[in-house]
Amino acid sequence: MTKNNVQKRLWQSAEQLALLLASLPNGLLIIDENTLEILDVNDAVCSITGQSKADIMGKRCRDVICASTAEGCPILETSANRIVRECTLKRADGATLTIMKTISRANLNGHSCILESIVDISEQKKVENRLREERSRVEQLATEANDANRTKSEFLANISHELRTPLNGVLGMASLLRETPLSDDQACYADTMLVCAESLLKLVNGVLDFSSLEAGQIELSNRSFSPRHLIGSVVELVKKPCLEKQLSLDVHIGENVERNLRGDPSRLQQVLMILTDNALKFTSKGRIEIRADVDISSRVAGQLRCEVHDTGIGIPSDKHQYIFERFTQVDSSSTRRYGGTGLGLAIAREIIRLMNGRIGVRNGQNGGAIFWFEVELPLDSALTAAKVVRQEPVSTDGSGVNILVVDDSRTNREVLASLLHRMDYRCKTAESGESAIEMLSAEPFDLVFMDIQMPEMDGLITTKAIRAGLAGAAAEEVPIVALSASEMQHDTRWKSAGMTYCMKKPVSPDILHEFLNSWCQSHTLQAHIGATPTPIPTTLNAPVLDQKKLLSRLMGDARIMKTILQGFIDDMPGQIDNLAHLVETGDLDGARIRAHGIKGASATVCAERMFSHCLHMEQQAELGDSESMALGLIELRTLYDQVRDETAHL
């Protein structure tokens, strides 16, 4: 091949290479590795930078595409042969672009060069930023929605609680009215009032339960229970309504139900009761059937399955997927005919979800519906259930049961001890946590009622000390019932301290009797919070001393009422003087605790104005308002004098 042919082919190759470089969509620069001067660029570089090729040629690369970087060249500062990085580039018109550039070393005709490929990714970055902003906005909206839902649930819980309090008063007064001599018409009115109040209370309780579940404020207990006893308790509750509607009630229990499980029996009973109530509501004739069994194929856990069969109106198959949604019924005519809000099944679903179980419905073979749920629970190998479900009411038998009442308020101790004695329980009292530990060390007790707020060593600290063995090994496992006058909802400090159960003060005889009846039956505490106490009026129109209410609370025993009121009158001057000393010395935390104690004692004896005033003083102490506390003491002494005068004629 001649020299001319070789030169011609080289020129052709150079032209082809130039055409190739010009056609590339990415910008390409050839840079002298030693001087960092730009030797050549393609048209894409000119388009990206906004400069002509003549303006670019001969400049150093940092003056064209590395204006925002340091003096040195990145690839020369490392041993790498190739670097990919994102950076900014300032165009000739002042606009700033985001570029992705790839830097690599090359040897061109024996000359050390740097090849830089650049791509304008500004639009891509804008899209990414918009997506990031949109994602952030969506997350913010989701957070706001969750916050709004939580706020709504908390509001519903609070308003339901406020509604339930006066409703308890209506129910209580209607029940008392029903026990008085009434004409037939008056008895009918009282019965109607009771039915309506109970229906409204059931609705409010449903809203409260559902809102608490939505707000994540429901905690499941974990204790041993008998599935057979659980089924039996539900059967007892539905026997009467089945009889009234002339429905037969069938119960089928598998043999493995004899095994005890660990879980939350109160919530399981609630679910089963919801399903059974639902069956009762929509069944006018035929039968209700409850089935239960436990699959114990696993050695450590049992699959509890319960079914409720009915012969009622049934549910169309296309409605099955919606029936567990809140506020949902099959159709609006069901609401008009049968009543209800559609919350019951939604509550049942949420409870079973909390237990990681399943719940559902299917059609019966001969009409009606079959609601079912199943949950897997640990087996409790240490205990076995009774062989027979109790069908008759179990009476409370306190013989042989030794109970300790711990409260710094003499009045509270005397009231609770009197109630226990009237129920045939043996009872002793302690006025402080230290005394309680000494008494538990000296003799065995089967049950302890412990006030939470006491001076120096409160109920929480005392319980922790007992659980730690300071009262002896025999007392470490004794059931301890927390007594609390706290108005705070969801206060679970008692549970964290090791207490077994919480009962609100003042304790009503019915709640106490129900609790002890359950405890004597199983000797294991059925964990449910004591009912909300009867509300104390906070207006000046409230009686100074509601003797009628106190007498009812003491089961009509006027002698005990007189003894307790005298104890209150004797004890209170020292309590008020102690409160005054705490206010004078600036110990507002101690003053708050003392005002809380006086408030509890006042509520116990139904000294309603004192109760309301002490509640206000307790709140002022929390706010640190010592001046209001000092003024409040004057009013408190006046109110005490009024209570003392009221009791003078007894």
Open item on the list: Suppose R0 equals 22 Å. What FRET efficiency, 1/(1 + (r/R0)^6) with r the Cβ-Cβ distance, do D641 and H581 give to the nearest 0.05?
Closed with: 0.65
Open item on the list: Test of understanding: express the Cα radius of gyration of segment 531-650 as a ratio to 2.2 N^0.38 Å, with N the residue count.
Closed with: 1.05
- [ ] Kindly report, to the nearest 10 Å², the accessible surface of S612 as traced by a 1.4 Å probe over protein heavy atoms only.
- [x] 20
Task: Cross-link partners of K285 among lysines (Cα-Cα below 22 Å; sequence separation of 8 or more within a chain) - done: K239, K240, K245
- [ ] Work out, step by step, the length gained on full extension between E258 and K90: first 0.36 nm times the residue separation, then minus their alpha carbon distance; give nm to one decimal.
- [x] 52.4 nm
TODO: May I ask for the net charge around V238, where only other residues with Cβ less than 11 Å from the Cβ of V238 are counted and Lys, Arg are +1 while Asp, Glu are -1?
DONE: 0
Task: Reachable aspartates and glutamates from K126, criterion Cα separation under 19 angstrom, eight or more residues apart if same chain - done: E86, E134
Task: Extended-chain gain in nm, criterion 0.36 nm per residue less alpha-carbon gap, L650 and Q246 - done: 140.2 nm
- [ ] Any chance you could run the full-extension gain for D184 through N356? It's 0.36 nm times the residue separation minus the Cα-Cα distance, nm to one decimal.
- [x] 56.8 nm
Open item on the list: Straight-line reach from K53: which lysines fall under 23 Å, measuring Cα to Cα and dropping same-chain residues less than 8 apart?
Closed with: K90, K101
TODO: Could you rank R362, R592 by how accessible they are, 1.4 Å probe, largest area first?
DONE: R362, R592
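The values are calculated or read from the model by the stated rules, or taken from the named source; none is laboratory data. Everything numeric here is computed off the predicted structure, so don't read it as measured data. Every residue, glycine among them, receives a Cβ derived from its backbone with ideal geometry; neighbour counts consider all protein chains shown. Accessible surface is based on the protein model in full, side chains and every heavy atom, while ligands, DNA and RNA are left aside. Shrake-Rupley method; radii C 1.70, N 1.55, O 1.52, S 1.80 Å.
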